[in-house]
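What follows is a set of notes on a single structure, which appears directly below.
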Amino acid sequence: MKSILQKDLWSITSFLENQNFLFDKIKILNSLTINDIDEAYTSISKWKSYSPTPLIELNKLSKGLDLNKIFYKDESKRFELKSFKALGGAYAVEKVTKGNKNIVVATATAGNHGRSVAWGARRLGLKCKIFISEYVSDARGQAMSDLGADVIKVKGNYEKSLVECIKQSTENNWQIVQDVAWNDYVLVPKYTMAGYTVMMKEIIDQIKNDKITHIILQAGVGGMAGAMIAGIARYLGNIPETIIVEPDSAACVMESIKTGKIEKIDIKRESLMGGMSCGEVSLVPWEILKNSVKYCISLPDSDIAKTMKFLGNSIFSEEQIIAGENSAPGVISLIASCVNSKIKEKLKLSSKSNILIIGCEGDTDKEMYQKLINQ
């Protein structure tokens, strides 16, 4: 383990402390209310085949880093979709359609959100249109087709696919079920985020008497991160150190927190962390994240493959963990922070620390997963 945890093997591109940090539970729960959160758990926990996903202790890694406990929420076991996204899109579909079988739902996606919307539509017997960019792999597109969705590939990046989704949905009167908010489109993203908070309810039941001191949250447009912070405000008595991690090519939350307003990133290079390769934070989570995130970290792609391999080979825990490319950044940022004495001190990481990491997904693209772990 010592050889694996050498400082020169792990990289952080940028580290930022939020100068406007103020964790205000009342303000957070005005953005995503207690009723929103409780209603989502009540509904989702009644779905057929629902069960809480495992909370795994990375006991080997915690020993190597001299930390008390590292909890890894393993979302590879979430329904048949192997991703936390199953909680959001499918729940939003249920909320907006309200039992109306004649509604056609549509979304733009880099993969897992679209699968959740498609799965939610199939579950309710609805037609579904999914818009994906040319950079989304054929395997991810096929996975949505297999769920009964009509998949439309759009030339350009994710933003281009979203523009086309909005255009065609407006022309055909389809119901957009997007996890990104914009002016006059905030209710559906709130439903999506409310679905994600189910993870925090499960975690509270799973940690028992342990106290979470740090939580590391991956961010794309910020929906999951904002939802988990709302979950902290709803369920936790204490306020952990909140840390956002992003690809260095798409650190839109970091750049926005730096200036105090939403900043749009011109992505020059698509990250391996495809679900996190987003150029602009969404409006609804931004209202939560702008003050309640204490630290931001950006990472290169260089450590993704080996981290997935180490998790899969039980190097960090007793159990084998199948982690997708969007699950690795939380683990990487923790290791890289611990081997950097200045950042470790800043984050107050010690032998008393209990860290929570969200393992966003499993091998949702088996071909990519195998390619990365075989590097």
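Here are some notes:
- Only Lys, Arg (+1) and Asp, Glu (-1) charged, at Cβ; the range 79-177 dipole about Cα centre in debye: 240 debye
- Among 82, 268, 63, the largest mean-square fluctuation in a Gaussian network model of the chain (Cα springs under 10 Å) belongs to 268.
- Residue order for 104, 186, 117 - accessible surface, 1.4 angstrom probe, largest first: 186, 104, 117
- Taking GluC sites (Glu not before Pro) across the range 75-126, the ones in a DSSP loop with at most 14 further Cβ atoms lying within 10 angstrom of their Cβ are 80.
- Computed accessible area, residue 366, all protein chains, 1.4 angstrom probe, square angstrom: 120 Å²
- Point-to-point label distance, residue 153-residue 22, nm (Cα→Cβ direction, 7 Å offset): 4.9 nm
- Gap separating the Cα centres of the range 356-375 and the range 41-120, nearest whole Å: 16 Å
- Global form of the range 100-189, assessed from the alpha-carbon gyration tensor, a/c cut-off 1.5: oblate
- Take the convex hull of the alpha carbons in the range 209-262; its mean projected area over all directions comes to 4.2 nm².
- Charges were assigned to the Cβ only: +1 to each Lys and Arg, -1 to each Asp and Glu. The resulting dipole of the range 234-274 about its Cα centre is roughly 140 debye.
- For residue 27, the accessible surface of its heavy atoms amounts to roughly 100 Å² (probe 1.4 Å, protein chains only, rounded to the nearest 10).
- When the chain is described by a simple charge dipole with +1 on each Lys and Arg Cβ and -1 on each Asp and Glu Cβ, the residue from 253, 147, 93 located farthest towards its positive end is 93.
- Most mobile of 314, 282, 337 in a GNM of the chain (Cα contacts under 10 Å): 314
- Alpha-carbon centroids, the range 191-257 and the range 157-186: separation in whole Å: 25 Å
- Anisotropy class of the range 246-354 from Cα gyration tensor, a/c 1.5 cut: oblate
- Overall, the chain carries a charge dipole of about 500 debye about its Cα centre when +1 sits on the Cβ of Lys and Arg and -1 on the Cβ of Asp and Glu, all other atoms neutral.
- For residue 197, the accessible surface of its heavy atoms amounts to roughly 0 Å² (probe 1.4 Å, protein chains only, rounded to the nearest 10).
The values are calculated or read from the model by the stated rules, or taken from the named source; none is laboratory data. Computed from a predicted model, the values in this text were never measured in an experiment. Positions of Cβ are backbone-derived with ideal geometry, glycine not excepted, and every protein chain shown enters the neighbour counts. Keep in mind that these areas ignore ligands, DNA and RNA; they rest on the heavy atoms of the full protein, side chains included. Shrake-Rupley method; radii C 1.70, N 1.55, O 1.52, S 1.80 Å.
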